[in-house]
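Bear in mind these aren't lab numbers, they're just calculated from the coordinates by the rules spelled out. Quick caveat, the model's predicted, so the values are computed rather than measured. All Cβ positions, glycine included, derive from the backbone under ideal geometry; neighbour counts span all protein chains shown.
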Amino acid sequence: MPRIYISTELTANARLRIEGDAFNHTVRVLRLRSGDALTVFNGDGHEYPAHIEVIERQHALLALSAPEQPEVESPLATTLLQAVSKGERMDWALQKATELGVTRIRPIITARCNVKLDTKRWQKKMAHWQGVITSACEQSGRLRLPELLPVAELQAALAEVGPGLRLTLDFGGGAALPRQAPEDGVTLLVGPEGGLSEEEIASARAAGFHGWRIGPRVLRTETAPVAALALLQQRYGDLGGTQ
């Protein structure tokens, strides 16, 4: 069943006019036609079964049914502090983190990041990443979009971390996960290609982060958050048949 995200209020048994990007995606990309069924959601925790009533040149009308609320959102709140990497590697990390149920994402700049952009290009990059996250929600069946926080330098991001268990992927770390799920969730810090510097690791520890070694092999910057989030969701969340 095709799913599309609409950033507007949705009402049961109403008619919805879509145009612009939503229209192009539905009619020109997905090639849906009058009478075809689809699902619409806006991130409020519900989804609305719908079908296309009319397709015009630049817009379409959808008929919405009563909202549904399948249990697809993880009970574990996770925040990912992900060092920015080049090109598709960052896209892949954000896409898979979204599929794995991450609650919020903050791209961070570290000493070994190779991405240098001006303000305008950062804004364009953020809009692109928001699109990646939205598409991942459409594909995976999620009802809420992870919050994408503004890009920040590592030190600023560390200063704004909320309560809960704080972990940084550290090949030399020895922290063990607690038995019980942290009441305030988990914040996961993942460094760039080449890893965090010794000074950055020390700053993370001073901010309450525990070094966590998840295995004997060195993982790429885009692979590490996926592996770590999967382990956290299996232990505390809803993967592996547990919740």
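Things to note:
- Most fluctuating residue given options 180, 155, 69, as computed from a GNM of the chain linking Cα atoms under 10 Å: 180
- Neighbourhood charge, 14 Å Cβ-Cβ cut-off, centred on residue 29 and excluding it, Lys, Arg +1 and Asp, Glu -1: +1
- Local net charge near residue 67, Cβ-Cβ under 10 Å (Lys/Arg +1, Asp/Glu -1): -3
- Most mobile listed residue (216, 225, 75) in the chain, GNM with C-alpha springs under 10 Å: 216
- Taking Lys and Arg as +1 and Asp and Glu as -1, the other residues whose beta-carbon sits under 10 Å from that of residue 147 total +3.
- The range 1-85 shape via C-alpha gyration tensor axes, a/c threshold 1.5: oblate
- For the range 34-124: relative contact order, % (alpha-carbon pairs under 8 angstrom, 6 or more apart): 20
- Coil-residue GluC sites (Glu not before Pro) of the range 68-122, DSSP, other Cβ within 10 Å capped at 14: 71
- Overall form of the range 60-134 per C-alpha gyration tensor (a/c, 1.5; a/b vs b/c): oblate
- Helical runs assigned H by DSSP (4 residues or longer) give the chain a calculated mean residue ellipticity at 222 nm of -8000 deg cm²/dmol, each run adding -39500 (n - 2.57) before division by the residue total.
- DSSP-assigned coil residues among trypsin sites (Lys or Arg not before Pro) in the range 102-191, each with at most 11 further Cβ atoms within 10 Å: 116, 179
- In a DSSP loop and with at most 15 other Cβ atoms within 10 Å, the GluC sites (Glu not before Pro) in the range 111-212 are 160, 183, 193.
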